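Encoded as structure tokens, the structure appears first; notes follow it.
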Amino acid sequence: MAKILAKNLANKRVMLTDGSELGTANNVIMETHTGELLYLLVKPSAVVDSSKYKTQDGFILIPFEAVRAAKDYAIVDKKLIT
């Protein structure tokens, strides 16, 4: 996977590989000792059933290894999160 900088994810719309929109990237969770990005925090769209996903404080936690691209949208591999 190409390098994705956390600053490039801020406020990007997040889309799953099946074409459905998940929400908006809000923040990341990282391991402070190694700098490894662990999770992408996504504010879910109003129509998304967030009970299908791991959540924290109203945000969906997307394992960072599921993030495939970050250009116009952040693309997330659906198979790795459901």
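Numerical summary
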read-out	value
Residue, farthest from LEU9 (Cα to Cα), within segment 56-68, restricted to residues that are open to solvent by 40 Å² or more (accessible area, probe 1.4 Å) and not in a loop (DSSP other than H, G, I, E, B)	GLN56
Positions within segment 1-20 being open to solvent by 70 Å² or more (accessible area, probe 1.4 Å), under 13 Å from the mean Cα position of the chain (by Cα) and at pLDDT 90 or above, in sequence order	ARG13, THR17
Residue, surrounded by the fewest Cβ atoms within 10 Å (Cβ to Cβ), within segment 21-41, restricted to residues that are hydroxyl-bearing (Ser, Thr, Tyr) and outside any loop (DSSP other than H, G, I, E, B)	THR24
Residue in segment 42-55 that is touching a helix residue (DSSP H, G or I) at 6+ places or on another chain (Cβ under 8 Å), open to solvent by less than 30 Å² (accessible area, probe 1.4 Å), modelled with pLDDT of 95 or more and of a type in the set (A, V, I, L, M, F, W, C) present	no
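The values are calculated or read from the model by the stated rules, or taken from the named source; none is laboratory data. Since the structure is predicted, the reported quantities are computational estimates derived from the model, not experimental observations. Virtual Cβ from ideal backbone geometry, glycine too; neighbours counted across all protein chains shown. Quick note on the areas: whole protein, heavy atoms, side chains included, nothing else; ligands and nucleic acids left out. Shrake-Rupley method; radii C 1.70, N 1.55, O 1.52, S 1.80 Å.
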